[in-house]
Amino acid sequence: MDEEAASLAKKLAAYRGVWVFIEQTEGEAAKVSWELLGKGKELAAALGVELSAVVIGENVEHLCREAFAYGAVKAYLMDAPVFHYYRTESYLRGINHLIDKYKPEIILMGATGLGRDLAGAVATVVGTGLTADCTGLAIDDKRNLMQTRPAFGGNIMATIMCDKFRPQMATVRPHVMPMAEHKPGATGEIIRETCPVREEDILVKVLEIISDKKKDQVDVAGADFIVSGGRGMMGKENFAMLQELANELGGVVGASRSAVDAGWMPQERQVGQTGKTVRPKIYIACGISGAIQHLVGMQDSDVIIAINRDKEAPIFEVATYGIVGDLFQIVPAFTNLLREM
Ligand code: FAD
C-alpha cells in the first residue's frame, strides 16, 4: 500500500458504526425512521459494528426506547427547547457536533421534506457524499456502502459509493424498506449530549405551524389496498369505477403519472419515482403499462394484480397475477364478485 492509500485507510478507519436519524414532530417519530433501523441493523451486522439512533428534539427520550425496540443498541440524545421545532441550522449544528465527536461510518435519513433538507446540509458542511432516494443499500468487501437508486430519468439503476470520505450518507423514501422487527422492552444505552446550540444563535424563528394536510386527504402511501389507474382509464369519469372497487377492498385509488398529468387524479395520488412509494398488501394496476418510473414506486407491494389488454405490457413482469383483457369489463366484474362474497 503506498503512503497515500495508507493515510486514506487510516482516515476512514477512524469512523465506526451505523446511525439512523430518528425524524420526529412533536415527539412522534416518522415511520420511515423505524424502516431505516431495519436496514441499518442489516448493514451494522455486515460491518460488525453497532447500530445507533440519533434522537434530537424536546422531550423525546421515549424515542430512544422505541429505537431500542426497533433494533438500535445505542441512542445519541440531544433534548433541548431549541430543538422543539425543526430548523436546519439548529439540527445541523446538533448532528455536526455528534459526528465530530463520535465519527459514524454511515448515516441514514428518511427522504422526507425534513430528511432531504437536513441530509443535504449535513453532507455539505461535513464535506462528504450523499445519495438521495436510495432503493437499495448493501456493504461491499471494502466496507463501502453501495447505494442504489434510479438514475437518468429512471432508465437505469445506478450503484453509487463514497469510498474516500466518511460518513457515507444516504436518504431512503418512506415504504421502500420494510418495517424493522419490533421487540417491546428491548434496552440499550442512551448517550445524553449537551446541546451545543443557543437559541439566540439561530436566525430562523418559528412563529406558527400551519398544516398542509387537507381534512379529506387520502393517504396513498399508507394504504393496505390500492387500486391504481393509468392512461388506459381513458378519462376522469372512469375513475369512479376504481373507487367502487377500492371501497369494496377498504382501500384507496392511486394513479400513474399519465393519469395525473391528464388531470384525472390529483398529484398526491401519483405512485412512482416522482410520486409516492407504496408497499400495500394488494396493488391493482388498471390500464398501466408498467414504465420503470411507475414500477420503482410499487414493485415491493405484497401482491400485484395487473389488468391490461396488452399481454406484452411490462407491468406483467412484476405482477403476481396478470389479467389480459379490457379493464372496463374486468373491473366491474371484480367489484361485483367482491360484493357477492
Ligand atoms: P401508458 O404507458 O400509456 O399505458 C397505458 C396502458 O393502458 C397500456 O399498457 C395499454 O395497453 C393499457 N390499456 C389501454 N386501454 C386499456 C383497456 N381498455 N383495458 C386494459 N388496458 C388498457 N410515471 C408514473 O406512473 N409515476 C411516476 O412517478 C413517474 N415519474 C416519472 C419521472 C420521470 C423523470 C419520467 C421521465 C417519467 C416518469 N413517469 C412516471 C412516466 C412514465 O415514464 C410513464 O410515461 C407513465 O408511467 C405511463 O403511464 P401509464 O402506464 O398510465 O400510460
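The values are calculated or read from the model by the stated rules, or taken from the named source; none is laboratory data. Predicted model only: the values in this text are computed from it and were never measured. Backbone-built Cβ (ideal geometry, glycine too); neighbour counts: all protein chains shown.
All conditions in (1) among the charged types (D, E, K, R); (2) assigned to a helix (DSSP H, G or I); (3) in contact (Cβ under 8 Å) with a residue 40 or more places away in the chain hold for LYS10, with the sole exception of (3).
Only one of the numbered conditions (1) within 12 Å of the ligand (Cβ to nearest atom); (2) small (Gly, Ala, Ser); (3) assigned to a helix (DSSP H, G or I); (4) modelled with pLDDT of 95 or more is not met by GLY297, and that is (4).
So is ALA170 small (Gly, Ala, Ser) and outside any strand (DSSP E or B) or not? Here the answer is no, as ALA170 does not meet what is asked.
Among the residues of the range 240-250, are any assigned to a helix (DSSP H, G or I), within 13 Å of the ligand (Cβ to nearest atom) and under 19 Å from LEU337 (Cα atoms)? Yes; the residues of the range 240-250 include at least one that is assigned to a helix (DSSP H, G or I), within 13 Å of the ligand (Cβ to nearest atom) and under 19 Å from LEU337 (Cα atoms).
Those residues that are under 22 Å from the mean Cα position of the chain (by Cα) and β-branched (Val, Ile, Thr), I need them from the range 92-112; list them, please.
Once the filter is applied, which keeps residues that are under 22 Å from the mean Cα position of the chain (by Cα) and β-branched (Val, Ile, Thr), the range 92-112 yields ILE95, ILE106, ILE107, THR112.
If you go through the range 311-330 and keep only what is farther than 14 Å from ILE282 by Cβ, part of a helix (DSSP H, G or I) and either within 33 Å of the chain's Cα centre (by Cα) or more than 9 Å from the ligand (Cβ to nearest atom) (or both), you end up with ILE315, PHE316, GLU317, LEU327.
Candidates are the residues of the range 280-294 that are more than 8 Å from the ligand (Cβ to nearest atom) and surrounded by fewer than 24 Cβ atoms within 10 Å (Cβ to Cβ); the one that is nearest to VAL172 (Cα to Cα) is LYS281.
Among the candidates ALA240, ALA221, ALA255, which residue alone is surrounded by 11 or more Cβ atoms within 10 Å (Cβ to Cβ), at pLDDT 95 or above and of a type in the set (Gly, Ala, Ser)?
On the way: ALA240 fails: surrounded by 11 or more Cβ atoms within 10 Å (Cβ to Cβ); ALA221 fails: at pLDDT 95 or above.
None of the other options fit; the residue is ALA255.
For the range 251-261, check the following and say yes or no: at least one residue is outside any strand (DSSP E or B), near the ligand (Cβ under 9 Å from one of its atoms), basic (Lys, Arg) and closer than 30 Å to ARG149 by Cα.
Narrowing the range 251-261 to residues outside any strand (DSSP E or B): 251, 256-261.
Adding the requirement that they be near the ligand (Cβ under 9 Å from one of its atoms) leaves 256-261.
Keeping just the survivors that are basic (Lys, Arg) gives 257.
This time we only want the ones that are closer than 30 Å to ARG149 by Cα, so: 257.
Yes, the range 251-261 contains at least one residue that is outside any strand (DSSP E or B), near the ligand (Cβ under 9 Å from one of its atoms), basic (Lys, Arg) and closer than 30 Å to ARG149 by Cα.
Look through ALA46, ALA75, ALA53 and report the one residue that is in a helix (DSSP H, G or I), modelled with pLDDT of 95 or more, under 22 Å from the mean Cα position of the chain (by Cα) and among the aliphatic types (A, V, I, L, M).
Details: ALA75 fails: in a helix (DSSP H, G or I); ALA53 fails: in a helix (DSSP H, G or I).
When all the criteria are applied, what remains is ALA46.
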